1. Kirkwood Rh, the stretch 17-88, all Cα pairs: how many Å?
2. Which far-off residues, 5 or more places away or on another chain, put their amide H under 5 Å from the one on Arg74, with H placed in the peptide plane?
3. Name the lysines eligible as straight-distance cross-link partners of Lys445: C-alpha to C-alpha under 26 Å, and not fewer than 8 places from it in the same chain.
4. If I stretch the segment between Lys38 and Asp138 completely, what's the gain in nm (0.36 nm per residue apart, minus their alpha carbon distance), one decimal?
5. Could you grab the relative contact order for the stretch 139-233? Cα pairs under 8 Å, six or more apart, rounded to a whole percent.
6. Please report, to two decimal places, log10 I(q)/I(0) for the stretch 131-282 at q = 0.20 Å⁻¹ as given by the Debye formula with identical point scatterers on the Cα atoms and no solvent.
7. What trypsin sites (Lys or Arg not before Pro) does the stretch 315-348 have in DSSP loop regions with at most 11 other beta carbons within 10 Å?
8. Please report how far the C-alpha centroid of the stretch 170-214 lies from that of the stretch 24-65, rounded to the nearest whole angstrom.
Amino acid sequence: MLFPEGFFYGTATASYQIEGAAREDGKGLSVWDMFCRKGRTVWQGQSGDVACDHYHRYLDDIAIMKEIGINAYRFSISWPRVMPGGTGTVNEAGLAFYDRLVDALLEAGIKPFCTLFHWDYPYELYCRGGWLNPASSDWFADYARVIVDRLGDRVGHWMTLNEPQCFVLLGHQTGMHAPGDKLGLTEVLRAMHNALLAHGKAAQVIRASSKSAQIGAAPVGAVKMPAGDAPQNVEAARASMFAVNGQDTWANALWMDPMILGKYPDDAFANFGDAMPAIHDGDMETIAQPLDFFGVNTYSGGYVAEGVDGKPVDLPFPAGYPITAYKWWVTPEALYWGPKFFHERYKLPVIITENGMSNVDWVAMDGGVHDPQRIDYLRQHMLQFARAGRDGVDIRGYFVWTLMDNFEWAEGFKERFGMVHTDFVTQARTMKDSALWYKDVIATKGDALGGE
Ligand code: IFM
């Protein structure tokens, strides 16, 4: 068997990318609502106002998941839908939506994996300083408590933050994502520290409510792979994967070491100097709550070899190397080396909380949506993940990003990552060939993947 008994064959989505209903039932504004209105921030001026209209069509979407045979669904909660101002008043209508969603998932035999935060930050809190405000982690803990109190009797798997690297760095350093700020390093690292504190405090809230809850996060996993299996290149890739080079704020260890090992890496202090955030007594203990799994979103990796000076060097990709529609390198081995290195360092069971690709898909003359590249991409990545499992990595689940084509942030609806095609004019859903293929993979418990 390629995958262990009880393996989660899942798919993942995020609230702002699919729900729509941006102004309904008392929902508050998020930074993404505001960012999309700014103009020239998102491809073709698009927004998630309607997106996949999942808020109204969730039952149909769950029926599609059931048809595919998915046994776990990772979704996120829109914080301002539940708490329009970010703190204080709870919007019962918004909360009730997630109640219905969870009930319908369970009814369909699908385990709910709930992500507390996938980027749609309450605009009201942004106006109060957002992630730079020292109270921001407490705001998040209060919000987490509302969600856990309501859904904790039925949701067993939780992720605190989705890709904190993205919402902190793309949102506050490069300005490519909401809220669109371009702050200096000191402020950016302060936002990082507050987000990490938010993770820790939310994990405490979940644990206090249920000892058996399975808690993790879903950071970006930037994977380094050795060029060939030569031991010195494997060592170079391992070292590179956890190094903080120069001013690289994306470095894995900068985000993951605090969460799991309870400290920022030494090279972060050496490289960032006094831009590193003030660390108050107890902060690192708060951030490093015991976790039950290492969730990680991985799409691609880079090759590394040992250089002449013995240090790791990043290798360029050869001309014509495979890329996705989004122009991301196709490197299936990332799902072998990534889980292997993360498991060695953090010693937690690994769940791939996102993996997938954008493709140029449309409904063909025969009515189908033919996406052989996606099938091949998913197949190769799943096989590499299974290989990590054979090599001793405790692999627990794999979530395809994503169920259906949706709002791909600054790229609008241009990048189609779904296994299900969405017609954004009619909201018609069409299962792509990859959905039918995944159905087969799940029904055969991975056997349909064949060999490497
Ligand atoms: O669509 C995003 C998702 O929201 C976070 N991870 C990467 C995906 C593809 O870009």
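1. Values: mean 1/r = 0.0732 Å⁻¹.
Result for the stretch 17-88 stands at 13.7 Å.
2. Close amide H contacts, sequence-distant or interchain: Thr11, Ala12, Thr13, Phe113.
3. Hits, sequence-local ones excluded: Lys66, Lys111, Lys340, Lys347, Lys432.
4. Between Lys38 and Asp138, full extension yields 33.1 nm more.
5. On the way: 103 pairs, mean separation 36.3, N = 95.
Once divided by the residue count of the stretch 139-233, the mean separation gives 38 percent.
6. At q = 0.20 Å⁻¹ the computed log10 ratios are -1.25.
7. On the way: sites: Lys327, Lys340, Arg345, Lys347; in loops: Lys327, Lys347.
Hits after loop and neighbour filter: Lys327, Lys347.
8. First find each Cα centre; the distance between them is then 22 Å.
Read-outs throughout are calculated quantities, based only on the coordinates presented, and are distinct from any laboratory measurement. It should be emphasised that the depicted structure is a prediction, and the values quoted were computed from it without experimental measurement. Note that we place each Cβ from the backbone using ideal geometry, even for glycine, and neighbour counts take in every protein chain shown.
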